[in-house]
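The values are calculated or read from the model by the stated rules, or taken from the named source; none is laboratory data. All of these numbers come straight from a predicted model, not from anything done at the bench. Heads up, the Cβs are rebuilt from the backbone with ideal geometry, glycines too, and the neighbour counts pull from every protein chain shown.
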Amino acid sequence: MAAEPAQSPAVTKMLDLFHELQAAQQGSGRHVSFTLTDSEINEYLAYSLRNLPRPGIRSATVKIFPHNYVSFLVVADFDAIERWKPGSLPLPLRPILSGQKQIWLDVRFRIKDGAATFSVEKAYFERIRLPAFLVEKLIEIVAARQPEKYDTSKPVPLPFGLKRVSTGEHVVSGEN
């Protein structure tokens with residue numbers, strides 16, 4: 001049996017950050033601030049999806065831009081989405097959005113009172129532009145299936161008592 005590869009420094013950094021934030025939330029009162037690069041986040045996403053698969057998501061990578069703009073490349077399981085909520089995919093798109101397909105989406109998020117909302121700025125499957133309202137609905141379906149049961153139709157509370165999250169060129173910063 002092959003040994004599990006060692007955790008990368010980026011994964012260790014993320015796990016340590018989660019531990020620090022959790023301790024602060026549970027009463028240490030410690031102020032925690034952080035900055036993460038999109039490459040660190042992508043390493044952690046690959047590790048996390050390998051070790052704790054997420055319903056409907058096979059892989060994800062991000063590219064971070066200023067002004068809370070994030071680009072995602074996601075391999076989604078469209079058959080699972082259609083099983084979970086029949087009729088969620090418009091009939092004309094069902095032949096192409098079936099099985100596991102890679103979609104690209106650009107999202108802008110807003111933080112207010114410790115909660116996040118987002119809007120899909122644009123989304124594509126190959127060269128086909130997908131309607132933002134459809135992609136937002138598909139995200140809502142997948143998010144509701146996660147262990148955390150996210151409801152993206154409302155502001156989503158930030159984890160670990162975070163109060164601020166913002167982006168710059170290839171970085172995300174935040175604090176509790």
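The condition of being modelled with pLDDT under 95, among the hydrophobic types (A, V, I, L, M, F, W, C), crowded, with 16+ Cβ neighbours inside 10 Å and touching a strand residue (DSSP E or B) at 6+ places or on another chain (Cβ under 8 Å) does not hold for residue 105. Report, by residue number, each residue of region 73-127 that is in contact with a Phe, Trp or Tyr (Cβ under 7 Å, 6 or more places away or on another chain) and farther than 30 Å from residue 173 by Cα. Across region 73-127, the qualifying residues are 89, 96, 97, 98, 99, 101. For region 108-120, the candidate set comprises residues that are surrounded by 14 or more Cβ atoms within 10 Å (Cβ to Cβ) and in contact with a Leu (Cβ under 8 Å, 6 or more places away or on another chain); within that set, the residue that is nearest to residue 63 (Cα to Cα) is 120.
The single residue among 137, 163 that is in contact (Cβ under 8 Å) with a residue 40 or more places away in the chain and surrounded by fewer than 16 Cβ atoms within 10 Å (Cβ to Cβ) turns out to be 163. Does at least one position in region 85-102 carry a residue that is charged (D, E, K, R), without any contact (Cβ under 8 Å) to a residue 40 or more places away in the chain and out of contact with any helix residue (DSSP H, G or I) (no Cβ under 8 Å at 6 or more places or on another chain)? Checking region 85-102: not a single residue is charged (D, E, K, R), without any contact (Cβ under 8 Å) to a residue 40 or more places away in the chain and out of contact with any helix residue (DSSP H, G or I) (no Cβ under 8 Å at 6 or more places or on another chain).
For residue 53, the stated conditions do not hold, so it cannot be described as over 17 Å from residue 156 (Cβ atoms), touching a residue at least 12 places away in the same chain (Cβ under 8 Å) and not acidic (Asp, Glu).
Out of 160, 118, 133, 109, one residue alone is closer than 27 Å to residue 53 by Cβ and more than 15 Å from the chain's Cα centre (by Cα). It is 160.
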